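> Just passing along the structure, written as structure tokens.
The values are calculated or read from the model by the stated rules, or taken from the named source; none is laboratory data. Only a predicted model underlies this, so the values are computations on that prediction, with no experimental measurement involved. Cβ coordinates were reconstructed from backbone atoms using ideal geometry, including for glycine residues, and neighbour counts include every protein chain displayed.
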Amino acid sequence: MPQVLDVVAVRTWCSLALEALGRDRAEIDAINVYPVADGDTGTNLYLTVESAQQAVEAVFTGLEAGPEPAAPALPEVVRAMAHGALIGARGNSGTILAQLLRGMAQVLADGGGSDGDHGAGAEAGALRLALVRAAESAREAVARPVEGTVLTVATAAAQAAAETDGDCGAVARAAYEGACAALDATPGQLAALSRAGVVDAGGRGLVVVLGALCEAVSGQAAPVRDRRDGVHARVDTRTDVPGEDVADGAPIECVEEPGAAGPAFEVIYLLEADDRAVARLRTRLDALGDSLVVVGGDGLWNVHVHVDDAGAAVEAGVEAGRPHRIRITHFGLGDAHAARSSAPPRERAQRAVVAVVPGDGLAGLYAEAGATTVPDRPGEPPASGELVDAIRRAHAREVVLLPNDAELRHTAAAAAEQARSEGVRVALIPTRSAVQGIAALAVHEPDRRFDEDVVAMTSAAGATRYAELAVAERQSWTMAGICQAGDVLGLIDGDVAVIGGEIPATARTVLDRMLAAGGELVTLVLGDEVPDEVADGLEQHVRETYLAVDTVVYRGGRQSAPMLIGVE
């Protein structure tokens, strides 16, 4: 009987691929040195295929459990496989594998059926086209394709399949053998692999998947490769014995060249967006980092990129559409170096506060209150990596994060997510101004329960109205009318509410508007350019005009706003 790729074969393929990756993932993890030697390629491929297999099983289970049990059609099954891989894709190689499966599904679901006696299924011609389309679509999804990687292995498999006559079993076997040959050649194509003496980990995983395809279609297992085929004879960098082979399954150390360190974070998220928005997103992310892979279509995409600023990568997704299932992984080079240090580990504190602050004066104020601070320099907002580093410096099991700026909400969220993945319990309080952070810090009690402390700090911040004074740089329209360059603007809760000519008069007007709704405490934070006499005058004005309202004044140092105002 001619061999076809029907719904049973697809189901079997997913199960066999998952089983084989489960056996080999430790080996694949061990040889993972490119693009980042983070030792997780095998695990990422396993999780990606696991998601695809679960989606396929859900299709069969749904139909088999119905009132009239029936078998699903091939288009339904291959689309489920591709969709499951897309939403569950992990890491660089897992994301590329998801696109390979999507490329195959596009061909197999569109005219891949057969009208022969063997029932609905894809014949050899469709499988050839599917493998070719898979390799092409994977290359299209990668911003900067590199030879000697899984892309090279996929292309070789497609070429071998396209040049083979026979049924689906013959095509699948040719693809597998072509992939094996290409995999063996990868160390000669990529310097990182050659230095480490290994083949490409992603390509090694694809060989496993294609071997499972071969067995699912033909019923015969693919030729067994040497279990040590991922590791070539090399100098073991962990010993001083030249020429000693690496033990089977042992992790590989990739010796980095000076200056070869890459970005600090891997960012992955699902994105609901249209094609035009995704095209713009590709350009933006390509400028932010490397290892960019964007796969998917029909309104749903899986985005993968390596960056130093994880917050900017997430924010780019927000601008393009609706990102969700955001995963941020720190490559942990600093932690690895720290682990090799002979110094004993420092005991973690139970709780800490990390805050973004504008100006040295406020940094000192926050530090006196026990907070770890991150400077918000004029024109240079902190990246998410800086916030993550500050959370690590705080060295606590629980952290309260105060961004103190509405524009940092996505950056702070990305940092919090990363810290949580490292085992730190993080609560992000969405403070929009440093004066809200001061109010939150004033009620902070590290000895009470974490949830209670966060609720109290959030309530105090939320009960604080905030304002700031700014100097207009050009003529423009505002909520309060047209301003001219040099005008003093009073912004209340982020919107321009007052346009004035001088700081003292504008500040008084802003205070009067804010206190009209009531208040018990006024907080003034003055920049370097504002003299003490201005604060004295405002304090006197509040004392004479609003009974029982107290005023506290802080020096903020060099900060972007001449004055910050808070009313609790």
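> Considering only the stretch 473-568, give the strands (runs of 3 or more DSSP E) lying wholly within it that have at least 3 residues that are closer than 26 Å to Ala363 by Cβ. Full working, then the answer.
Details: elements: 476-478, 481-483, 488-492, 495-500, 521-527, 550-557, 563-567.
Strands (runs of 3 or more DSSP E) meeting the threshold: 488-492, 521-527, 550-557, 563-567.
> For the stretch 163-185, check the following and say yes or no: at least one residue is touching a strand residue (DSSP E or B) at 6+ places or on another chain (Cβ under 6 Å) and in the same structural domain as Leu45 (by TED's automatic domain parsing).
Of all residues in the stretch 163-185, those touching a strand residue (DSSP E or B) at 6+ places or on another chain (Cβ under 6 Å) come to 168.
With in the same structural domain as Leu45 (by TED's automatic domain parsing) added as a condition, the list becomes 168.
Yes, the stretch 163-185 contains at least one residue that is touching a strand residue (DSSP E or B) at 6+ places or on another chain (Cβ under 6 Å) and in the same structural domain as Leu45 (by TED's automatic domain parsing).
> What are the residues in the stretch 480-517 that are on the phi > 0 side of the Ramachandran plot and touching a strand residue (DSSP E or B) at 6+ places or on another chain (Cβ under 7 Å), if any? Walk me through how you get there before you give the answer.
Restricting attention to the stretch 480-517, the residues satisfying the condition of being on the phi > 0 side of the Ramachandran plot are 481, 486, 493-494.
Correct list: Gly481, Gly486, Asp493.
> Restricting the stretch 390-409 to residues that are of a type outside the set (Lys, Arg) and farther than 19 Å from Gly462 by Cβ, which is surrounded by the most Cβ atoms within 10 Å (Cβ to Cβ)?
Going residue by residue through the stretch 390-409, those that are of a type outside the set (Lys, Arg) are 390-391, 394-396, 398-408.
From the residues that got through so far, the ones that are farther than 19 Å from Gly462 by Cβ too are 390-391, 394-396, 398-399.
Values: Ala390: 22, Ile391: 24, Ala394: 22, His395: 15, Ala396: 21, Glu398: 19, Val399: 26.
Once the filter is applied, the top-ranked residue is Val399.
> Pick from the stretch 300-313 the residues that are out of contact with any Phe, Trp or Tyr (no Cβ under 6 Å at 6 or more places or on another chain) and modelled with pLDDT of 90 or more: which of them is farthest from Gly103 (Cα to Cα)?
Filtering the stretch 300-313 down to residues out of contact with any Phe, Trp or Tyr (no Cβ under 6 Å at 6 or more places or on another chain) leaves 300-302, 304-306, 308-309, 311-313.
Within this subset, residues satisfying the condition of being modelled with pLDDT of 90 or more are 300-302, 304-306.
On the way: Leu300: 15, Trp301: 14, Asn302: 14, His304: 18, Val305: 21, His306: 24 Å.
Among them, the one singled out is His306.
> Next question, about the same structure. Of the residues Ala419, Ala461, which is within 25 Å of Val318 (Cα to Cα) and either in contact with a helix residue (DSSP H, G or I) (Cβ under 6 Å, 6 or more places away or on another chain) or not in a helix (DSSP H, G or I) (or both)?
Numbers: Ala461 fails: within 25 Å of Val318 (Cα to Cα).
Result of the check over Ala419, Ala461: Ala419.
> A further question on this structure: Looking at the stretch 436-443, can you tell me whether even one residue there is on the phi < 0 side of the Ramachandran plot, of a type in the set (S, T, N, Q), crowded, with 16+ Cβ neighbours inside 10 Å and at pLDDT below 90? So that I can check it myself, show each step before the final result.
Of the stretch 436-443, the ones on the phi < 0 side of the Ramachandran plot are 436-443.
Subset that is of a type in the set (S, T, N, Q): 436.
With the extra rule that they be crowded, with 16+ Cβ neighbours inside 10 Å, the set shrinks to 436.
Imposing the further condition that a residue be at pLDDT below 90 reduces the set to none.
Checking the stretch 436-443: not a single residue is on the phi < 0 side of the Ramachandran plot, of a type in the set (S, T, N, Q), crowded, with 16+ Cβ neighbours inside 10 Å and at pLDDT below 90.
> Oh, and also: Quick check on my filter: what residues within the stretch 315-333 are touching a strand residue (DSSP E or B) at 6+ places or on another chain (Cβ under 9 Å), modelled with pLDDT of 85 or more and either β-branched (Val, Ile, Thr) or part of a loop (DSSP other than H, G, I, E, B) (or both)?
Hit for the stretch 315-333 is Gly321, nothing else.
> Looking for whichever is of a type in the set (A, V, I, L, M, F, W, C), farther than 22 Å from Thr329 by Cα and either without any contact (Cβ under 8 Å) to a residue 60 or more places away in the chain or surrounded by 19 or more Cβ atoms within 10 Å (Cβ to Cβ) (or both) here; the options are Leu362, Leu387. Which one fits? Give the steps one after another, and end with the answer.
Numbers: Leu387 fails: farther than 22 Å from Thr329 by Cα.
Matching residue, one of Leu362, Leu387: Leu362.
> Taking the condition among the basic types (Lys, Arg), under 17 Å from Gly437 (Cα atoms), in contact with a Gly (Cβ under 9 Å, 6 or more places away or on another chain) and surrounded by fewer than 21 Cβ atoms within 10 Å (Cβ to Cβ), does Arg555 pass? Write out each step before concluding.
On the way: among the basic types (Lys, Arg): yes; under 17 Å from Gly437 (Cα atoms): yes; in contact with a Gly (Cβ under 9 Å, 6 or more places away or on another chain): yes; surrounded by fewer than 21 Cβ atoms within 10 Å (Cβ to Cβ): yes.
Answer is yes for this residue.
> Then there's this: So in the stretch 1-58, with the set limited to residues that are hydroxyl-bearing (Ser, Thr, Tyr) and either outside the structural domain of Leu213 (by TED's automatic domain parsing) or assigned to a helix (DSSP H, G or I) (or both), which one is surrounded by the fewest Cβ atoms within 10 Å (Cβ to Cβ)? Please lay out each step first, then the result.
Taking the stretch 1-58 and keeping what is hydroxyl-bearing (Ser, Thr, Tyr), we get 12, 15, 34, 41, 43, 46, 48, 51.
When the remaining residues are screened for being either outside the structural domain of Leu213 (by TED's automatic domain parsing) or assigned to a helix (DSSP H, G or I) (or both), the result is 12, 15, 41, 43, 46, 48, 51.
Values: Thr12: 18, Ser15: 16, Thr41: 29, Thr43: 18, Tyr46: 26, Thr48: 31, Ser51: 22.
Once the filter is applied, the top-ranked residue is Ser15.
> While we're here: Within the stretch 466-491, track down each residue that is buried (at least 20 other Cβ atoms within 10 Å of the Cβ) and either of a type in the set (Lys, Arg) or under 17 Å from Val522 (Cβ atoms) (or both).
Selection gives Tyr466, Ala467, Glu468, Leu469, Gly490, Leu491.
> Looking only at residues in the stretch 280-311 that are among the hydrophobic types (A, V, I, L, M, F, W, C), buried (at least 21 other Cβ atoms within 10 Å of the Cβ) and in a helix (DSSP H, G or I), which one is nearest to the chain's Cα centre (by Cα)?
Start the filter on the stretch 280-311 by keeping residues that are among the hydrophobic types (A, V, I, L, M, F, W, C), which leaves 281, 285, 287-288, 292-295, 300-301, 303, 305, 307, 310.
Of the ones still in play, those that are also buried (at least 21 other Cβ atoms within 10 Å of the Cβ) are 281, 285, 292-295, 301, 303, 305, 307, 310.
Subsequent filtering for residues that are in a helix (DSSP H, G or I) retains 281, 285, 310.
Values: Leu281: 14, Leu285: 12, Ala310: 6 Å.
Per the criteria, the residue is Ala310.
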